[in-house]
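See below for the structure under consideration.
The values are calculated or read from the model by the stated rules, or taken from the named source; none is laboratory data. None of these values were measured; they are calculated from a predicted model. Here the Cβ positions follow ideal geometry from the backbone for every residue, glycine too, while neighbour counts run over all protein chains shown.
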């Protein structure tokens, strides 16, 4: 057990009384710990127990060896190249994005879209274009489209991808107009999921050798983590076109069609959430300028701030001392702020999870929409200390994560059924990428250009709070439907 912790936490000399979260553990690493133990033949390795009793000795007490002959208790992903180009069903989240982009739903009419602008000097656009085409050939989901029936399909080949370029010249007014036009056209694109490509890159040359890049993705095909992986590989190929990237011998289709919960796991999760919905609060009842149904096409506006590295590291150390993760600290603080503004203090926040199970050694390199959602209910308790609130939130999150084999979409449908409502939405989202990225703390930031602006949009969402570690500090981002709020 200690050896598994040491490997995944990248620490040495773990003792029996050490706390998993105080050592730097988080929900992603916890999931990997449980998967490793099950694969090694240990029964009783439950995610909820690790959150409830995170000390090494206490957690180990409930484990029983069933011997390696019993085989792994986690899905084993085997590539199926013979089925590579056959249509396959979307995930629950992809299906929600597919349906939610229509005007039939409140706050619909938008795709799940991620847009960023980068600015640099003397960017070689031909080299950049070549790098993009190399990655399109490498990653199946960059050649994928949706079919009219809602399934998705990877194309064996696609036309060469080109980057349109606008020449603005050295005149400042002309440059300003060209940059404004780029942002106007790209920032709130609704790409047709049935037409390739489901991403877009455009450039403006302006000033004396400067280039502004607009890069947009439809998240129905690739999630934020996949975008960051893609941009890192793009940076590598831009600087070294002949670089040999690590192999990717498995596909998103392989994962979606193979990695599924067992009937017993699904039944257990459905039973858990059937009870849990009885105590789930509504989404935050925030002060609004208008009813969401009165909003035409939602337009999202970004606000962001940054915690300097020194301050963020102090906060992380305080969280560890309390035995909680940085994400727990931030989602609890966010929920507390929402509670102070909400008509009802108790509320539910929609958590974005990067749910990529370790079913194959190459799965971390695969591009696709691996996201799932988790509904986290928050209820302030009178006379509760901040530390107690953090621990309570984290334990609840652990119990919920242990039963995440059913999606939040299933839970919301069950909630609507129990309440006799037409539909239920949880429109405030918290997205944490803490612990997702390894390395230098600059996830997906190309070295040949600097990120200067961005915005994301999601159908049926009022506010998406994203937290991202960057250069040792913490980037805090709010993307919100501006028209909704006073």
Of (1) more than 23 Å from residue 391 (Cβ to Cβ); (2) not assigned by TED's automatic domain parsing to the domain that holds residue 201, residue 89 fails just (2)
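Any residue at all in region 187-195 that is surrounded by fewer than 19 Cβ atoms within 10 Å (Cβ to Cβ) and in contact with a helix residue (DSSP H, G or I) (Cβ under 8 Å, 6 or more places away or on another chain)? Steps first, answer last, please.
If we filter region 187-195 for residues that are surrounded by fewer than 19 Cβ atoms within 10 Å (Cβ to Cβ), which is where we start, we get 188-190, 192, 194-195.
Still in the list and also in contact with a helix residue (DSSP H, G or I) (Cβ under 8 Å, 6 or more places away or on another chain): none.
Looking for residues that are surrounded by fewer than 19 Cβ atoms within 10 Å (Cβ to Cβ) and in contact with a helix residue (DSSP H, G or I) (Cβ under 8 Å, 6 or more places away or on another chain), one finds none in region 187-195, hence no.
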Is there any pair linking a residue in region 420-445 that is closer than 22 Å to residue 324 by Cα to one that is at pLDDT below 70 and part of a loop (DSSP other than H, G, I, E, B), with Cβ under 6 Å and at least six apart or on different chains, and which?
-> 437/443
Does residue 311 satisfy being modelled with pLDDT of 95 or more, more than 21 Å from the chain's Cα centre (by Cα) and either surrounded by fewer than 18 Cβ atoms within 10 Å (Cβ to Cβ) or not assigned by TED's automatic domain parsing to the domain that holds residue 388 (or both)?
-> yes
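In contact with a strand residue (DSSP E or B) (Cβ under 6 Å, 6 or more places away or on another chain) and modelled with pLDDT under 95: which single residue out of 198, 225 fits that description?
Values: 198 fails: modelled with pLDDT under 95.
It is 225.
Looking at region 339-453, what strands (runs of 3 or more DSSP E) fall wholly within it and have at least 3 residues that are crowded, with 18+ Cβ neighbours inside 10 Å and assigned by TED's automatic domain parsing to the domain that holds residue 38?
Working: elements: 347-354, 371-378, 428-432.
Qualifying strands (runs of 3 or more DSSP E): none found.
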Which numbered condition residue 248 misses (of (1) over 21 Å from residue 436 (Cβ atoms); (2) in contact with a helix residue (DSSP H, G or I) (Cβ under 9 Å, 6 or more places away or on another chain)) = (1)
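Scan region 143-154 and give yes if some residue there is over 30 Å from residue 88 (Cβ atoms), touching a strand residue (DSSP E or B) at 6+ places or on another chain (Cβ under 6 Å) and either surrounded by fewer than 18 Cβ atoms within 10 Å (Cβ to Cβ) or not assigned by TED's automatic domain parsing to the domain that holds residue 373 (or both), otherwise no. Before the answer, list the steps.
So in region 143-154, the residues over 30 Å from residue 88 (Cβ atoms) come out as none.
No, the conditions are met nowhere in region 143-154.
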Output the qualifying pairs, or none if there are none: Cβ atoms under 8 angstrom, residues six or more apart or on different chains, first residue in region 27-51 and at positive phi, second residue surrounded by fewer than 20 Cβ atoms within 10 Å (Cβ to Cβ) and assigned to a helix (DSSP H, G or I).
-> 41/68; 41/69; 41/70
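Results for (1) under 30 Å from residue 234 (Cβ atoms); (2) modelled with pLDDT under 95, shown as yes or no for each residue.
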position: 413; (1), (2): no, yes
position: 446; (1), (2): yes, yes
position: 467; (1), (2): yes, no
position: 480; (1), (2): yes, no
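Do we find that residue 95 is surrounded by 21 or more Cβ atoms within 10 Å (Cβ to Cβ), out of contact with any strand residue (DSSP E or B) (no Cβ under 6 Å at 6 or more places or on another chain) and within 25 Å of residue 461 (Cβ to Cβ) in this structure? Working first, answer last.
On the way: surrounded by 21 or more Cβ atoms within 10 Å (Cβ to Cβ): no; out of contact with any strand residue (DSSP E or B) (no Cβ under 6 Å at 6 or more places or on another chain): yes; within 25 Å of residue 461 (Cβ to Cβ): yes.
Against the criterion (surrounded by 21 or more Cβ atoms within 10 Å (Cβ to Cβ), out of contact with any strand residue (DSSP E or B) (no Cβ under 6 Å at 6 or more places or on another chain) and within 25 Å of residue 461 (Cβ to Cβ)), residue 95 does not qualify.
Kindly provide the set of residues from region 317-337 that are over 21 Å from the mean Cα position of the chain (by Cα) and assigned to a helix (DSSP H, G or I), ordered by number.
So in region 317-337, the residues over 21 Å from the mean Cα position of the chain (by Cα) come out as 317-323, 336-337.
Across region 317-337, the qualifying residues are 317, 318, 319, 320, 321, 322, 336, 337.
Hey, which of the strands (runs of 3 or more DSSP E) in region 94-191, taking only ones fully inside, have at least 2 residues that are within 30 Å of residue 408 (Cβ to Cβ) and at pLDDT 95 or above? Quick ask: steps written out before the conclusion?
Numbers: elements: 113-121, 144-146, 152-154, 165-169.
Because the criterion is at least 2 residues that are within 30 Å of residue 408 (Cβ to Cβ) and at pLDDT 95 or above, the strands (runs of 3 or more DSSP E) in region 94-191 that meet it are 113-121, 144-146, 152-154.
Would you be able to say whether some residue in region 232-242 is touching a residue at least 24 places away in the same chain (Cβ under 8 Å), in a loop (DSSP other than H, G, I, E, B) and either touching a helix residue (DSSP H, G or I) at 6+ places or on another chain (Cβ under 9 Å) or farther than 26 Å from residue 338 by Cβ (or both)?
Our first condition is that a residue be touching a residue at least 24 places away in the same chain (Cβ under 8 Å); within region 232-242, this holds for 232-235, 237-239, 241.
Filter once more, keeping what is in a loop (DSSP other than H, G, I, E, B): 241.
With either touching a helix residue (DSSP H, G or I) at 6+ places or on another chain (Cβ under 9 Å) or farther than 26 Å from residue 338 by Cβ (or both) added as a condition, the list becomes 241.
Within region 232-242, one or more residues are touching a residue at least 24 places away in the same chain (Cβ under 8 Å), in a loop (DSSP other than H, G, I, E, B) and either touching a helix residue (DSSP H, G or I) at 6+ places or on another chain (Cβ under 9 Å) or farther than 26 Å from residue 338 by Cβ (or both).
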Just give me the residues in region 201-216 being farther than 12 Å from residue 166 by Cβ and in contact with a strand residue (DSSP E or B) (Cβ under 6 Å, 6 or more places away or on another chain), in sequence order.
-> 201, 209, 210, 215, 216
In region 18-66, what residues are part of a loop (DSSP other than H, G, I, E, B), in contact with a strand residue (DSSP E or B) (Cβ under 7 Å, 6 or more places away or on another chain) and within 20 Å of residue 358 (Cα to Cα)?
-> 41, 44
Any chance residue 282 is outside the structural domain of residue 455 (by TED's automatic domain parsing) and surrounded by 16 or more Cβ atoms within 10 Å (Cβ to Cβ) | no
